[in-house]
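Student: First the structure, then my questions, so here it is.
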Amino acid sequence: MKHSRHVVRLAVMCVMALVFCIGLTAQAQMVLKLSEIHPQGYPTELADEEFARLVNLYTKGGIKVDVFPGGQISGDEKVVIEQVKIGAIAIARVSSGALGSFNAQLNVFSLPFLFDSKEHMWAFLNSPAGQKMLADLAPSGFVGLCWYDGGARSFYANYPINKIEDLKGKKYRVMPNNLLVKMVEAMGASAVPMAAGQVFSAIQTGVIDGAENNPPSLISFNHYQVAKHYLLDEHLRLPEVLFMSKIVWDKLSKDQQDALRKAAAETVAFQRQKWDAYEIEALNKIKAEGEIIIPVADKTPFKNAVKQLIAEESPKFAETLKAIDTLRPKK
Ligand code: BDP
């Protein structure tokens, strides 16, 4: 009798402990917001979703990443980055062109004609020097998780552009970043720094004459509808970055941090594959929509225009530029 009462008490205690533990785990689920400017189905957005899936898997449900696509949080990446910095948003995927205003070393990517090709860019991003740039975001208040492909950016306008001289005296939008302002001005146009979310109506109303971006973005922002001329000079290859607030990161356990890193690393090949497929599809789509696409066989005039700017800026990035040069494919 005494023995069975003891067993019952023990069983009750076990059940209570179990209920307590379940309660704890349920309570412990952390929700992290991820901001993405592009709409659902865009290559970086698909990668964000894949990241969320893997984080959930590797933290056994402990962390849920909520992706907010289409600039729902803000159509201005500068605002998003500020929010990540103070920990109000945990994670974001932005262009390194935008993040360069918060971490000067990233501005190396805003040097025009930096990489010879996509392969060259990835050889660098995957190298120790490229991975170190992610780690070096820490003093700016960020944790770099991984790089994604952002293709090559070219000029597009609401008037015919066939050569560099056609940029002269016209107004072109750039991301808010001083180096990008200088780049556009070196090419002869006036630079208008502006958030991506404002560009469509700025072109439509003639506040600006054009902008510059990769083919997928012409579709995701609908810019092909208001700017029918696309001059494929491919002056920039700005990698995309998935990064996190250091304030939020420091609250995670070591296991959670490892899980996030592992998840991010595994989305890179996934994003690159989606990107490569969509890049071609996007160019074909804008062509089909009546966009006039002008290939640039000889980029020398564009390269000459920014030569002096590159010479002035290069000393700031000496070490990184050396690493990039070492990885330049042999001609
Ligand atoms: C796109 C990037 C996006 C930037 C946008 C821009 O994917 O992150 O916000 O360019 O020009 O290519 O602002």
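The values are calculated or read from the model by the stated rules, or taken from the named source; none is laboratory data. Fair warning: this is a prediction, and the values are worked out from it, not measured in the lab. All Cβ positions, glycine included, derive from the backbone under ideal geometry; neighbour counts span all protein chains shown. Heavy atoms of the whole protein, side chains included, go into the accessibility calculation; ligands, DNA and RNA do not. Shrake-Rupley method; radii C 1.70, N 1.55, O 1.52, S 1.80 Å.
Student: Filter the stretch 73-101 for residues that are open to solvent by 30 Å² or more (accessible area, probe 1.4 Å) and within 14 Å of the ligand (Cβ to nearest atom) and give the result. Please lay out each step first, then the result.
Tutor: As a first pass, look at the stretch 73-101 and keep what is open to solvent by 30 Å² or more (accessible area, probe 1.4 Å): 73, 76, 78-79, 82-83, 85-86, 88, 101.
73, 76, 78, 79, 101, listed by residue number.
Student: Between residues in the stretch 273-292 that are without any contact (Cβ under 8 Å) to a residue 12 or more places away in the chain and residues that are surrounded by 14 or more Cβ atoms within 10 Å (Cβ to Cβ), which pairs lie under 7 Å by C-beta distance while being six or more apart or on different chains?
Tutor: 287/293
Student: If I ask for residues that are within 11 Å of the ligand (Cβ to nearest atom) and open to solvent by 10 Å² or more (accessible area, probe 1.4 Å), which ones from the stretch 196-212 would you list?
Tutor: Of the residues in the stretch 196-212, the ones within 11 Å of the ligand (Cβ to nearest atom) are 196-199, 211-212.
If the condition is that a residue be within 11 Å of the ligand (Cβ to nearest atom) and open to solvent by 10 Å² or more (accessible area, probe 1.4 Å), then 196, 197, 198 are the ones that fit.
Student: Taking interchain pairs and intrachain pairs at least six residues apart, which have beta carbon atoms under 7 angstrom, with the first residue in the stretch 101-124 and free of Cβ contacts under 8 Å to residues at least 24 places away in the same chain and the second open to solvent by 20 Å² or more (accessible area, probe 1.4 Å) and assigned to a helix (DSSP H, G or I)?
Tutor: Once the first residue is free of Cβ contacts under 8 Å to residues at least 24 places away in the same chain and sits in the stretch 101-124, no partner that is open to solvent by 20 Å² or more (accessible area, probe 1.4 Å) and assigned to a helix (DSSP H, G or I) comes close enough.
Student: Being away from the ligand (no atom under 15 Å from the Cβ), modelled with pLDDT of 95 or more and among the basic types (Lys, Arg) is the requirement here; does residue 182 meet it?
Tutor: Taking the combined requirement at face value, the residue satisfies it.
Yes/no per residue for (1) modelled with pLDDT of 95 or more; (2) surrounded by fewer than 16 Cβ atoms within 10 Å (Cβ to Cβ); (3) within 16 Å of the ligand (Cβ to nearest atom):
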{"position": "164", "(1), (2), (3)": "yes, no, no"}
{"position": "216", "(1), (2), (3)": "yes, no, yes"}
{"position": "230", "(1), (2), (3)": "yes, no, yes"}
{"position": "235", "(1), (2), (3)": "yes, no, yes"}
{"position": "241", "(1), (2), (3)": "yes, no, yes"}
{"position": "258", "(1), (2), (3)": "yes, yes, no"}
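Student: Here is a follow-up. Anything in the stretch 125-169 that is of a type in the set (Gly, Ala, Ser) and part of a loop (DSSP other than H, G, I, E, B)? List them, or say none.
Tutor: To start, the set of residues in the stretch 125-169 that are of a type in the set (Gly, Ala, Ser) comprises 127, 129-130, 135, 138, 140-141, 144, 150-152, 154, 157, 169.
Those that are of a type in the set (Gly, Ala, Ser) and part of a loop (DSSP other than H, G, I, E, B): 127, 141, 150, 151, 152, 169.
Student: Taking into account only those residues within the stretch 28-72 that are in contact (Cβ under 8 Å) with a residue 24 or more places away in the chain and among the small types (Gly, Ala, Ser), which is surrounded by the most Cβ atoms within 10 Å (Cβ to Cβ)?
Tutor: Filtering the stretch 28-72 for residues that are in contact (Cβ under 8 Å) with a residue 24 or more places away in the chain and among the small types (Gly, Ala, Ser), the one surrounded by the most Cβ atoms within 10 Å (Cβ to Cβ) comes out as 47.
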